[in-house]
Amino acid sequence: MIDRRLLVNLDWVLLGSTLLVSIVGVMLVSSASQSLQTGFAEKQASWCAIGLVVMVIAMSIDYHRLADQAPVFYLLVILALMYVLFFGRIISGARSWITLAGFRAQPSEVAKIVLALMLTKYFAEFRQNRVSAREIGAVALIVGIPLLLTAAQPDLGTAVTFLPIAASALILAGMPTRWLVGIICTFLMISLFAWFFLLKDYQKDRLTSFISPEADPKGSGYHSIQSRIAVGSGGFTGKGYTQGTQSRLEFLPARHTDFVFSVLGEEEGFVGTLAVLGLYMLIIQRGFSAARHARDRAGLFLAACLTSLIAFHIIINVGMVAGVLPITGIPLPFLSYGGSFTAVMFVSVGLILNVRMRKTVN
Amino acid sequence: MKIYDDLKPLESRLAALELIIGVCLSVLAMTFWYLQILRTDHYRQLSEENRIREAVVKAPRGLVLDRNRRILAENRPSFSIIVRREGITDLTATLEKIRRIPFLNIDTVVTGLAKYKSLPSHVPIVIKEDAGPDEVAFIEARRLELPELAVQVEFKRYYPSPQAVSPVLGYVSEVSEAQLHQSSFKTLRAGDLVGQAGLERRYDALLRGVDGRSREVVNSRGRKISELDRIEPTPGRTVMLTVDMQITEALRTAFQGKVGSAVMLDVRTGEILALVSEPSYDSNVLTGHFSREEWTSILSNPYHPLQNRAINNVHSPGSTFKLTVAIGGLEEGVITPGTTFFCPGSATIYGHTFNCWKAGGHGTMNLHSAIVNSCNVYFYQVGKKLGIERIARYARILGFGSPTGVDLTGEQSGLVPDPQWKKSARGADWYPGETISVAIGQGSLLVSPLQMAYHAALIASSGSTFRPHVLRSYWDATGQVFPNDPREGARAVGISDAVFEQVRDGMWGVVNQGGTGHRAAVAGRDVCGKTGTVQVASKANLKNPGAVSEALKVHSWFVGFAPLDKPEVAVAVFVEHGGAGGETAAPIAKTAFEAYFSLRDDRSKTAS
């Protein structure tokens, strides 16, 4: 299936750092789930294995063929999103799950890949230096539909992660400054509107509490404070693997999912956080490198959009753990427990590897 | 093969994108440097505070025993339902859950939460004491739904015979807001229990012990995971009283619902063998964190059972004061035992006519017959010769006008009037007729029943008795016994034995020669005593002369000791509105003497 010649260009650094972070992830999930029922680490490990399989599939098929099929994937994802909106399983308040052949999956996670492919397809043949209202409108439509469907589940966190895909595509395609300003203004106005008319109280609490978590330490600021205590008390070398008291004694919320990085900070200290951040930087750098060396516009867009997607997750999640960004429920790539999300992140790396493998033809 | 696309302009945009992301990640790395390197001590401390909870291990309060080692106060395990405030995330939801529990009172919970706001949130608040097995099971079965509630075993003060011991022991309840500001309670926190009256209060420091401490590792829901270390509490000391419960109970029975008090002292040591104040109250009702419903009935009782009538209340001594005048007269030489006065039923002194209680008069009286018959006219004359200054001086020497120094709370001084007192307190000059009234125990004189018993003990021991006290000894867990030394506080009397002997003879006559106190006589025990009858002439009674009510009846006193040779015990009995002293108070004193002697004989038999 894979041309032997392509393996010459396989980015072992990207693959290696991804695997390394994933192994750290399984270990952290294992440590963090001590007080929960067992099996979390094993499940996460098996999801990584599944992720590796789909990653190999994603890198095997020429990304041009995948991009060509993007409209079909897009349609399927929209249908799936509409389906879960009415018939999906409700888990933690959001109707976002679909059951397929015994597997539960979140279409909103799959939508991230499909959007990247769809925008790649859209901009592959775009030859102008600057986008115009037409392109912006088209991107808004392509991203807007799944975004609204996901937000309606309601899963605002996942919906927000669609934005960096759109943003990076538009920036690459050449965003005029006045449009940038205009979009930021529109975004602010929509935010204000959402604040007053759309957001539920718990969502507002989560967004505001990071500004002054001490104001209500038992209430909405609690998670932010406990995360900072976990990270800060880790010090330089950490309390030792599985020895984090904040985690073990359940002061940390969602410690095997959204706050898994807090467990890392508490148990492995600054050494651990810096090491993992370093690996993330490596992954991102290799992602942009793949984009830079892409053979064509499509490859560049695909690799850059997916790298931005991964980077966005990392920044928002780690920022939340450090207490400098609001709690949004955005998971951390390769570290957070979660099946669909892990698989989607592996597919993203697979597609970046795909682009890298098929760089300039000799 | 596709024509190569010029991707050059895109490369700078790619670089910009990479830069933005790189900057964000660098800022985050710096944030972690700040949190984990610069602020690590701060957060490490916070994480320790999170996981380690200091719990107080309550010291068991010391036992209280009577002189025969009968338990008067002990500690009984009791189940309390507590609220862990750190477990409350949504107060309204918690209150709503509590409201649905039938046996919990929501008001107690709300006031409790307000009252103990100052306490650290890990200190549990008791919302129900003495929970029954069903209630404990109810809470335990709902640990998951009600994680903020828990059951805790506490040791609660328990008095096996509360009514008999409450005047001496008092009770234990929560330290009050005002007490917390006092230096002697500075180690206490809101919600701690302290002695609030009597011995529990006086010897609170002995009984309280020192609380221990344990450091526990807890999880985020406040549940204990393990114990880090522990400092064991030092239990309170065991306190043995001088009180004999059997005599106390005999005395209480003798009161038969009458209102008043009685004290029995050991003449040789000053030990209080019995102290009774009727009506009494159930100290178990008042003990604990909450006042039970019976509290109000105790408070609203018109006879104020919370007062220890033997030391908190003072009354006119009536004719019992004639003993003081007799001693003063003899010691000062204004009379001799043979001095006689004629009693025609009244005497006119300083232009006023003073009556004797016997309308026809007693005829010619010497000291002995004047004491036996309690002749007013005789003592008017002695009092006139002595003068108020000397009467007051002897009254003070013989136990009146100042606290005896008993180791209980709220002792009253009473009052020994003299011209100086009248000038300062009333702003008026002393007039001579007052001296005559004071000579027979009327006027402004005020004494407490305990002072009266002490007075009797002083007469019985020729002034060599010791300060009245209830603490006999105490010991700690190591078994080292600390006896109470009664000699401290003994006062020098400086009156000759012969004088006391004359008065003791008179008192023997009161009981054994057909005198006013004959109802106190115990065959073969040579009981000596003096009765007193105090007119109750309040303004309310004078305004309403038609109502011959209970309140109009006179108060009665009996003060005495036994036996005449080598006296052992002294007694004072006061019955409010009891009628003549010889009729009501004397028989109660008799019961006390009988109880004392029969117990003493029984014990010496078993000993030998």
Check your understanding: If we keep just the residues of the range A:322-331 that are aliphatic (A, V, I, L, M) and under 23 Å from A:Pro154 (Cβ atoms), which is farthest from the other protein chains (Cβ to nearest Cβ)?
Key -> A:Ile327
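Yes/no matrix, rows are residues, columns are (1) in a strand (DSSP E or B); (2) in contact (Cβ under 8 Å) with a residue 40 or more places away in the chain; (3) under 30 Å from A:Gly238 (Cα atoms):
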| position | (1), (2), (3) |
| --- | --- |
| B:Pro60 | no, yes, no |
| B:Ala114 | no, no, no |
| B:His122 | no, yes, yes |
| B:Ala131 | no, yes, no |
Check your understanding: Residues of the range B:64-102 being of a type outside the set (D, E, K, R) and in contact with a Lys or Arg (Cβ under 7 Å, 6 or more places away or on another chain), which ones?
Key -> B:Ala73, B:Asn75, B:Ser78, B:Ser80, B:Ile81, B:Gly87, B:Thr89
Practice item. Identify the residue in the range A:149-162 that is assigned to a helix (DSSP H, G or I) and within 11 Å of the chain's Cα centre (by Cα) and, among all such residues, is surrounded by the most Cβ atoms within 10 Å (Cβ to Cβ). Key: A:Thr158
Exercise for review: Could you run through the range A:233-258 and say how many residues are at pLDDT 90 or above, in a loop (DSSP other than H, G, I, E, B) and at the interface with chain B (Cβ under 7 Å from one of its Cβ atoms)?
Suggested key: 2
Review point. Where in the range A:42-142 are there strands (runs of 3 or more DSSP E), lying wholly inside it, with at least 1 residues that are over 19 Å from the mean Cα position of the chain (by Cα) and not hydrophobic (A, V, I, L, M, F, W, C)?
Key: A:89-91, A:94-100
Check your understanding: Taking the range B:40-75, which residues are within 14 Å of chain A (Cβ to nearest Cβ), of a type in the set (A, V, I, L, M, F, W, C) and surrounded by fewer than 17 Cβ atoms within 10 Å (Cβ to Cβ)?
Key -> B:Ile52
Revision key, fill the gap. Those residues of the range B:403-414 which are closer than 26 Å to B:Tyr431 by Cβ and either surrounded by fewer than 18 Cβ atoms within 10 Å (Cβ to Cβ) or at pLDDT below 90 (or both) amount to B:Ser413
Review point. From the list B:Gly383, B:Gly338, B:Gly399, B:Gly333, which one is closer than 18 Å to B:Phe500 by Cβ and buried (at least 17 other Cβ atoms within 10 Å of the Cβ)?
Key: B:Gly399
Practice item. Please indicate, with yes or no, whether at least one residue in the range B:533-543 is farther than 21 Å from B:Ile327 by Cα and at pLDDT 90 or above. Key: no
Review point. Are any of the residues in the range A:270-286 at pLDDT below 85, within 15 Å of A:Leu28 (Cα to Cα) and surrounded by 24 or more Cβ atoms within 10 Å (Cβ to Cβ)?
Key: no
Exercise for review: Scan the range B:466-482 for residues that are β-branched (Val, Ile, Thr), surrounded by fewer than 16 Cβ atoms within 10 Å (Cβ to Cβ) and either at positive phi or touching a strand residue (DSSP E or B) at 6+ places or on another chain (Cβ under 6 Å) (or both) and report the count.
Suggested key: 1
Point to revise | Residue in the range A:204-215 that is within 16 Å of A:Val324 (Cα to Cα), crowded, with 21+ Cβ neighbours inside 10 Å, hydroxyl-bearing (Ser, Thr, Tyr) and at pLDDT 65 or above present | key: no
Check your understanding: Taking the range B:443-465 only, how many residues are buried (at least 20 other Cβ atoms within 10 Å of the Cβ) and either not assigned by TED's automatic domain parsing to the domain that holds B:Thr404 or not small (Gly, Ala, Ser) (or both)?
Key -> 11
Check your understanding: Any idea which of (1) more than 7 Å from chain B (Cβ to nearest Cβ); (2) among the hydrophobic types (A, V, I, L, M, F, W, C); (3) within 22 Å of the chain's Cα centre (by Cα); (4) outside any loop (DSSP other than H, G, I, E, B) is the one A:Val271 doesn't satisfy?
Key -> (3)
Exercise for review: Scan the range A:332-355 for residues that are within 14 Å of another protein chain (Cβ to nearest Cβ) and outside any loop (DSSP other than H, G, I, E, B) and report the count.
Suggested key: 2
Check your understanding: Can you name the number of the only condition in (1) part of a helix (DSSP H, G or I); (2) buried (at least 19 other Cβ atoms within 10 Å of the Cβ) that B:Ile82 fails?
Key -> (1)
Point to revise | Top-ranked residue of the range B:85-131 - restricted to ones that are acidic (Asp, Glu) and surrounded by 14 or more Cβ atoms within 10 Å (Cβ to Cβ), ranked as farthest from the chain's Cα centre (by Cα) | key: B:Glu86
Study note, to complete from the structure: Note on the range B:23-39: residues part of a helix (DSSP H, G or I) and at the interface with chain A (Cβ under 7 Å from one of its Cβ atoms) are B:Cys24, B:Leu25, B:Leu28, B:Ala29, B:Thr31, B:Phe32, B:Trp33, B:Leu35, B:Gln36, B:Ile37
Review point. Considering B:Leu445, B:Leu458, which residue is closer than 30 Å to B:Asn484 by Cα and at pLDDT 90 or above?
Key: B:Leu458
Study note, to complete from the structure: Residues in the range B:427-445 that are under 32 Å from the mean Cα position of the chain (by Cα) and more than 22 Å from B:His455 (Cβ to Cβ) total 0
Check your understanding: Residues in the range B:246-269: is at least one free of Cβ contacts under 8 Å to residues at least 12 places away in the same chain, surrounded by fewer than 20 Cβ atoms within 10 Å (Cβ to Cβ) and in the same structural domain as B:Gly581 (by TED's automatic domain parsing)?
Key -> yes
**Study point:** strands (runs of 3 or more DSSP E) lying entirely in the range B:200-250 (those with 3 or more residues that are within 14 Å of chain A (Cβ to nearest Cβ) and under 27 Å from the mean Cα position of the chain (by Cα))
**Key:** none
Review point. Of all residues in the range A:308-321, how many are facing another protein chain (nearest Cβ under 8 Å) and either more than 10 Å from the chain's Cα centre (by Cα) or polar (S, T, N, Q) (or both)?
Key: 3
Point to revise | Filter result for the condition that a residue is in contact with a strand residue (DSSP E or B) (Cβ under 8 Å, 6 or more places away or on another chain) and part of a loop (DSSP other than H, G, I, E, B), over B:Gly401, B:Gly463 | key: B:Gly401
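The values are calculated or read from the model by the stated rules, or taken from the named source; none is laboratory data. Quick caveat: nothing in here was measured; it's all calculated off a predicted structure. Backbone-built Cβ (ideal geometry, glycine too); neighbour counts: all protein chains shown.
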